[in-house]
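The values are calculated or read from the model by the stated rules, or taken from the named source; none is laboratory data. Quantities reported herein were computed from a predicted structural model and do not represent experimental measurements. Glycine also receives a Cβ, built like all others from the backbone with ideal geometry; neighbour counts cover every protein chain displayed.
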Amino acid sequence: MSDFFKDNLLKNDLVAAPLAGYSHLPYRRILRKFFNGIIYSEMISVEGLARRNKETMEYLDRLPIDSPLVFQIFGGRPENYGEAIRVAENECEVDAFDVNMGCPVKKVIKAGGGCSLLNDLGRIKVITANIRKATEKPFSIKIRIGLDYNHLVYKEILNIAENEGVNALVVHGRTKSDMFGGTVRLDILKEIADIAKITIIGNGGVAGYDTYKEMKATGVDGIMLGRSMMKAPWIFKAIEDKCSDEDLYSYLSPSEIGSLLIELWGYMLEHTKGRGMKETHYSHILKKFAVWFCKGFDNASEFRTNIYKTNSIDELLILIKEFYN
Ligand SMILES: Cc1cc2nc3c(=O)[nH]c(=O)nc-3n(C[C@H](O)[C@H](O)[C@H](O)COP(=O)(O)O)c2cc1C
């Protein structure tokens, strides 16, 4: 029987992390230029799906080239997961699901999802059992190693995952207290990889071939990239070419980066059409990509200031073309 996670990771062991606000269809189309492996979607509300909320349903937008794709869902009520999964499967082609159990953001915790589940292993058990009952599709769960160093829960969660038919465990090697800083515990990733019977995907702090190699040495099956792929989507190709962490931002020429941003804007416009969104819906996000992609460039700070000052999309595009050419 085919195994979605194992088979895809054997072809490409990198994985694109779920990033709320950024892992949307337009950005995924850019990632696909550099990457044929597994991409995770932005997190999608279980409650929103179960109610078929119009805005929530738009997170299920995908294109045939956008595969393999994992839809990440989040929510605090185990009883809604089955319905959310049925709604998603009726709406579009689903390759696989993931449950967010590692997000420390207040909104998600308040809804009883993300990191708050690390405090409630009973609920993790019911959620995973409900998903397994609702679908034969593969699914992963994405966790942190614990709430803090007094409350490490990765072993208990691995045990639940293996007993409840979860196909893969994604482990962000930090605690909730670490937020997005702190050391990524490669030793703990190794310990998990050594004992696990299911697929393990490690996550945290990979930003080029050097850090990729360090995580690969732990024995995890897959290596998930978060902020680095948000700030340099070409990282997937760069790692394949053994580009060091230090050289990541000079991997593409300025004009190649400029063209990427213009292409991204085209996909963003295409995505707003027919969805009742304003044409400028994505312009503030394009600004962020424009300033992230120019790390280390001469005159980058002046460019950043100009980008943030402008309210006109035409001017924004001119600034991008001038700077990157
Ligand atoms: C802006 C932003 C949005 C994120 N959104 C999600 C999300 O929707 N679901 C999730 O599980 N994790 C989310 N994360 C966490 C990342 O997927 C990843 O676990 C984390 O950034 C650590 O990996 P890194 O060190 O490679 O960035 C987000 C992180 C950032 C910075």
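Values as computed for the structure displayed
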| item | result |
| --- | --- |
| Counted residues, the range 207-234 - those being over 17 Å from Ile143 (Cα atoms) and part of a loop (DSSP other than H, G, I, E, B) | 8 |
| Residue within the range 282-302 that is of a type in the set (Gly, Ala, Ser), over 26 Å from Thr211 (Cα atoms) and not in a helix (DSSP H, G or I) present | no |
| Qualifying residue in the range 75-94 (condition: β-branched (Val, Ile, Thr), within 16 Å of the ligand (Cβ to nearest atom) and not in a helix (DSSP H, G or I)) | no |
| Cβ pairs under 6 Å, 6+ apart, first in the range 223-238 and among the hydroxyl-bearing types (Ser, Thr, Tyr) and within 13 Å of the ligand (Cβ to nearest atom), second at pLDDT 95 or above and assigned to a helix (DSSP H, G or I) | Ser228/Ile235 |
| The range 255-276, subset touching a helix residue (DSSP H, G or I) at 6+ places or on another chain (Cβ under 8 Å) and modelled with pLDDT under 95, residue nearest to Glu55 (Cα to Cα) | Arg275 |
| Residue check for Ala193: among the hydrophobic types (A, V, I, L, M, F, W, C) and either surrounded by 22 or more Cβ atoms within 10 Å (Cβ to Cβ) or touching a strand residue (DSSP E or B) at 6+ places or on another chain (Cβ under 9 Å) (or both) | yes |
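To keep it simple, each residue is scored yes or no on (1) surrounded by fewer than 23 Cβ atoms within 10 Å (Cβ to Cβ); (2) at pLDDT 95 or above; (3) more than 15 Å from the ligand (Cβ to nearest atom); (4) in a loop (DSSP other than H, G, I, E, B).
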residue	(1), (2), (3), (4)
Ser2	yes, no, yes, yes
Ser23	no, yes, no, yes
Arg28	no, yes, no, no
Lys33	yes, yes, yes, yes
Asn36	yes, yes, yes, yes
Ile44	no, yes, no, no
Gly48	yes, yes, no, no
Thr56	yes, yes, no, no
